[in-house]
Amino acid sequence: MISKKIFAFLLLLNFSAFTQAGPFTDRLSVCLVQNTSTPEKQVLLTWVYAAMSAHPKVYEMSNVTLEQGDEISKQMAEIFNELITVRCKDETIEAFRYEGQATFEESFQVLGEVAMTELMTNNKVNSYMEGFTKYLDTEALENLFD
């Protein structure tokens with residue numbers, strides 16, 4: 001069985017990686033997305049943010065305390081346990097049996113992408129993401145295709 005640390009690392013990495021899922025992993029992915037509430041997806045996003053904020057390049061900009069990080073990790077573990085052992089138990093067993101441990105990584109990647117999509121539809125997030133455009137060299141961009 002995969003260790004907890006390795007699983008958490010792979011789960012985090014695979015939010016942005018492209019993978020080819022099999023039919024059982026696809027069923028598990030659908031189950032996870034359909035059975036995760038909006039507040040639970042927000043916990044997932046908060047957990048990802050807290051994990052990323054531990055990186056030395058952004059740590060000073062983060063305000064996530066160790067206590068907050070531990071609490072969000074507990075919440076994430078509760079959601080994970082509930083999804084895998086109760087809400088999507090049959091799909092988990094089949095996917096793991098026929099497609100191996102990568103099924104977790106691939107299925108939670110899909111769930112992470114759905115949660116991220118919901119995050120990106122927030123007006124404040126969109127405004128911030130578009131904010132860099134005021135510093136672009138529009139002349140250089142216009143000349144790029146001349």
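The values are calculated or read from the model by the stated rules, or taken from the named source; none is laboratory data. The structure displayed is predicted, hence computed values, not measured ones. For neighbour counting, all protein chains shown are included, and Cβ atoms are generated from backbone atoms with ideal geometry for every residue, glycine included. Surface areas here come from the heavy atoms of the whole protein model, side chains and all, with no ligands, DNA or RNA. Shrake-Rupley method; radii C 1.70, N 1.55, O 1.52, S 1.80 Å.
Among all residue pairs at least 6 apart or on different chains, which show Cβ distances below 7 Å where the first residue, located in the stretch 43-58, is over 14 Å from Q75 (Cα atoms) and the second is open to solvent by 100 Å² or more (accessible area, probe 1.4 Å)?
Taking only residues 6 or more apart or on different chains, the pairs are S53/Y59; V58/M52.
Kindly provide the set of residues from the stretch 66-102 that are open to solvent by 60 Å² or more (accessible area, probe 1.4 Å) and either outside any helix (DSSP H, G or I) or small (G, A, S) (or both), ordered by number.
Within the stretch 66-102, Q101 is the sole residue that qualifies.
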